[in-house]
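Engineer: Following this message is one structure expressed as structure tokens.
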Amino acid sequence: MESIKDKVAIVGMGCTKFGDNWDKGSDDMIVEAAYEAFEDAGIEPKDIQAAWVGTLLSGGSGCCLSRPLKLNYIPITRVENGCGTGMDTFRNACFGVASGMYDLVLALGFEKLKDFGMNILPEWFSGINPVFRFGHSSPGDFALTAVKYFTSTT
């Protein structure tokens with residue numbers, strides 16, 4: 001049986017410096033990471049046939065990727081899957097290539113949660129999903145659960 005590893009390869013990679021990046025907007029981070037990946041792969045944006053973008057609050061559709069990169073007239077899928085968003089974005093891009101539908105795709109993730117001026121998700125978001133209560137985040141809740149598990153006596 002043929003596996004996905006025989007059909008998909010990562011040919012370029014780029015990354016914006018991880019951190020608050022107060023001096024950069026979402027578009028700046030997208031352009032920086034994508035163009036680093038394009039250069040690494042030896043391609044141009046026009047070579048991309050489809051794209052997947054992973055983000056939670058920083059973009060409502062694939063337009064958050066198509067606008068700054070000027071990727072017109074290609075399918076772009078926005079992915080949101082909690083803490084699994086990055087992996088799901090990458091996985092779907094791989095499936096797009098492995099299926100034979102595309103030869104060259106882009107998977108990109110970004111987030112600017114702290115631009116709301118808070119160290120947590122904004123308060124208005126807390127009513128949408130009970131996991132994201134005011135003062136809590138998924139990684140924080142997972143850490144508290146782990147501490148409780150490791151310190152419990154059974």
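Engineer: Any residue in the stretch 34-43 that is out of contact with any His (no Cβ under 7 Å at 6 or more places or on another chain) and not in a helix (DSSP H, G or I)?
Structural biologist: Yes, the stretch 34-43 contains a residue that is out of contact with any His (no Cβ under 7 Å at 6 or more places or on another chain) and not in a helix (DSSP H, G or I).
Engineer: Is it the case that the stretch 72-85 has a residue that's in a loop (DSSP other than H, G, I, E, B), surrounded by fewer than 18 Cβ atoms within 10 Å (Cβ to Cβ), under 10 Å from the mean Cα position of the chain (by Cα) and not hydroxyl-bearing (Ser, Thr, Tyr)?
Structural biologist: Yes, the stretch 72-85 contains at least one residue that is in a loop (DSSP other than H, G, I, E, B), surrounded by fewer than 18 Cβ atoms within 10 Å (Cβ to Cβ), under 10 Å from the mean Cα position of the chain (by Cα) and not hydroxyl-bearing (Ser, Thr, Tyr).
Engineer: Could you tell me which numbered condition PHE90 fails, if it satisfies all but one of (1) within 21 Å of PRO139 (Cα to Cα); (2) more than 11 Å from the chain's Cα centre (by Cα)?
Structural biologist: (2)
Engineer: Consider ALA37 against the criteria (1) under 23 Å from SER99 (Cβ atoms); (2) over 15 Å from the mean Cα position of the chain (by Cα); (3) of a type in the set (Gly, Ala, Ser): it satisfies all of them except one. Which criterion is unmet?
Structural biologist: Condition (2) is where ALA37 drops out.
Engineer: Does ILE43 satisfy the criteria of being over 30 Å from SER138 (Cβ atoms), surrounded by 18 or more Cβ atoms within 10 Å (Cβ to Cβ) and in contact (Cβ under 8 Å) with a residue 40 or more places away in the chain?
Structural biologist: Against the criterion (over 30 Å from SER138 (Cβ atoms), surrounded by 18 or more Cβ atoms within 10 Å (Cβ to Cβ) and in contact (Cβ under 8 Å) with a residue 40 or more places away in the chain), ILE43 does not qualify.
Engineer: Filter the stretch 46-84 down to residues that are hydroxyl-bearing (Ser, Thr, Tyr) and free of Cβ contacts under 8 Å to residues at least 24 places away in the same chain, then give me how many there are.
Structural biologist: Residues meeting the conditions: 3.
Engineer: Can you name the condition, by its number, that ASN21 falls short on among (1) assigned to a loop (DSSP other than H, G, I, E, B); (2) within 14 Å of ALA107 (Cβ to Cβ)?
Structural biologist: For ASN21, the exception is condition (2).
Readers should treat all values here as calculations from the given coordinates under stated rules, not as data from a laboratory. All values reported here derive from a predicted model rather than from experimental measurement. Cβ: placed from backbone, ideal geometry, glycine included. Neighbour counts: every protein chain shown.
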